[in-house]
Amino acid sequence: FEQTRAAGIDALCPGALFDPRAFEPCGYSMNAILYKSYYTMHITPEEGSSYASFETNQKLASYTSLINNVVRSFKPRRFVMTLMADEGGLKEMKPNGNPLASDNSCPFTKIVIPPKFKGGKESTYKRTNLASVKVEDDCCCMMGNWTIAEDLVDDNNDTQGMRYRGMSFA
């Protein structure tokens, strides 16, 4: 659990019961439960093809804070976000709580991740793609792709003192 705490992963699911695993030569998986919600994370750091994922079924009126914390933890250059919900669940969300909304109530074409600490720099991601499909009678699957704003990244893949990784997460 020291690795989970040191990486700040425990802060993504406060109060949850964790079952973390580290793998040789590299890799990490975590499952956590808090009441009726689950969280799962998988990280495979490989040269040239790293992958990280974070998934939860936690019901929130707005996912903005959770998304900000996950993106701030991984610092990806690009990421994919997927949301599956029934139409009733989508209606319960705050108007600005769904970054995959495609109507005029929430025109998320970018996500701005505030700094973790005072004096830090924010990160801006631009949405490059959006898709939505109805899976069953009332179940929607929405997916969007975001990339770090290129004007923020220099030749060393460094932006404002933060090293951004070439991984994606879903």
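Taking the accessible area of the range 2-42, probe 1.4 Å, and keeping the other protein chains in place, the carbon and sulfur fraction comes to 58%. Given points 7 Å out from each Cα along the Cα-Cβ axis, report the Met143 to Tyr51 separation in nanometres with one decimal. Taking the two extended label points, one gets 1.3 nm. Distance from the alpha carbon centroid of the range 17-73 to that of the range 76-91 works out to 15 angstrom.
Rounded to the nearest 20, the size of the Cβ-charge dipole of the range 13-68 about its Cα centre is 380 debye, with Lys and Arg at +1 and Asp and Glu at -1. Full extension of the chain segment joining Lys126 with Ala11 gains 38.9 nm, where the gain is 0.36 nm per residue of separation less the Cα-Cα distance. Our estimate of slack between Phe23 and Lys110, defined as 0.36 nm per intervening residue step minus the Cα-Cα distance, is 27.9 nm. Taking each of Lys36/Lys121; Lys91/Lys121; Lys75/Lys134; Lys59/Lys110; Lys36/Lys110; Lys36/Lys116 in turn, the alpha-carbon distance tops 26 angstrom for Lys36/Lys121; Lys91/Lys121; Lys75/Lys134; Lys36/Lys110; Lys36/Lys116. Electrostatic tally near Glu87: other residues with Cβ closer than 11 Å to its Cβ, Lys and Arg +1, Asp and Glu -1, net -3. Our coupling estimate for the range 114-120, obtained by passing each phi through the Karplus curve with A = 6.51, B = -1.76, C = 1.60 and θ = phi - 60°, is x, x, 6, 10, 4, x, x Hz, Gly and Pro reported as x.
Convex hull volume of the Cα atoms of the range 1-106, normalised per residue: 114 Å³.
The values are calculated or read from the model by the stated rules, or taken from the named source; none is laboratory data. Just so it is clear, the model here is predicted, and its values are computed rather than measured. Ideal geometry is used to build each Cβ from the backbone, glycine not excepted, and the neighbour counts take in all protein chains shown. The protein model used for the area step is the full one, side chains on, heavy atoms only, and it has no ligands, DNA or RNA in it. Shrake-Rupley method; radii C 1.70, N 1.55, O 1.52, S 1.80 Å.
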